[in-house]
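Structure first, commentary second.
The values are calculated or read from the model by the stated rules, or taken from the named source; none is laboratory data. If you're wondering where the values come from, they're calculated on a predicted model, not measured in any experiment. No Cβ is skipped: glycine too gets one built from the backbone with ideal geometry, and neighbour counts run over all protein chains shown.
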Amino acid sequence: MKLTWFGDRSFRFHLGGQIVVVEADSAPHQVDRAELTSGADVLVGFDTALPSADTLTWRPRAPQRLLDAGADLRPADIVSVGDGSILIDAEDERPLLILTSSIGALGRWAGKAVIILVGRDLGGRAVQLVESFAPPLIALAGSEPEIDAALPSFATGAIIPALSPSSPALPSKSDLRPPFSLSFARAHC
């Protein structure tokens, strides 16, 4: 999985052999929309009418058998689990949940999900998620003041933010400006 954050709520994901672009229209004006959406298999926004899923009962799809797959991978399953949320289930990837606001209870699947928090109260929302579900990766997408406000939440050692594209150490402020890319290897759930 590779994610690129372009600022605000705009992302480009390479996952499960596909390219999914979220909120291309919210990218900063200096980002070329044609380049951002080039080659995208799916364009989606937080206001897109998506099938809804219940956060407690939703489960990732079972991996597709090679005999059934043929030459093509199945398309990513993209659903909403509430206002301001997008949940993506792509072949051979962890579930990816993008949240622009707080969300209620999540099912056991959240303990294996990659969660991206966008918007306000990043630190408080991240701590709440870690205390409830301990996801393997929480990425924070916000302005410098929002990130500055969130970082003290991590002083307890309870969470290790994955904000730097190449370093396991906590990034400097200059590393937090979009576009920001993060890649990590596939892991089976």
For the range 24-41, how many residues are surrounded by 13 or more Cβ atoms within 10 Å (Cβ to Cβ), over 22 Å from E91 (Cβ atoms) and either touching a Pro at 6+ places or on another chain (Cβ under 8 Å) or among the hydrophobic types (A, V, I, L, M, F, W, C) (or both)? 4
Over the range 1-42, the set of residues assigned to a strand (DSSP E or B), of a type outside the set (S, T, N, Q) and under 23 Å from R74 (Cα atoms) is K2, L3, F11, R12, F13, H14, L15, I19, V20, V21, V22, V42
So for the range 44-53 (the condition being of a type outside the set (D, E, K, R) and at pLDDT below 90), does at least one residue qualify? no
Please work out if A110 is surrounded by 17 or more Cβ atoms within 10 Å (Cβ to Cβ), touching a residue at least 12 places away in the same chain (Cβ under 8 Å) and farther than 30 Å from D148 by Cβ. no
Sole exception among (1) of a type outside the set (D, E, K, R); (2) at pLDDT 90 or above; (3) surrounded by 12 or more Cβ atoms within 10 Å (Cβ to Cβ) for Q64, by number: (2)
Return the total of residues in the range 3-36 being of a type in the set (K, R) and touching a Lys or Arg at 6+ places or on another chain (Cβ under 8 Å). 0
Restricting attention to the range 22-34, which residues are within 27 Å of I147 (Cα to Cα) and more than 11 Å from the chain's Cα centre (by Cα)? E23, A24, D25, S26, A27, P28, H29, Q30, V31, D32, R33
Out of V21, V44, V81, sole residue that is closer than 29 Å to S143 by Cα, touching a residue at least 40 places away in the same chain (Cβ under 8 Å) and surrounded by 16 or more Cβ atoms within 10 Å (Cβ to Cβ): V44
Is it the case that some residue within the range 133-152 is within 19 Å of L3 (Cα to Cα), at pLDDT 90 or above and crowded, with 19+ Cβ neighbours inside 10 Å? no
Selection from the range 47-78 of residues that are without any contact (Cβ under 8 Å) to a residue 24 or more places away in the chain and among the aliphatic types (A, V, I, L, M): A49, A62, L66, L67, A69, A71
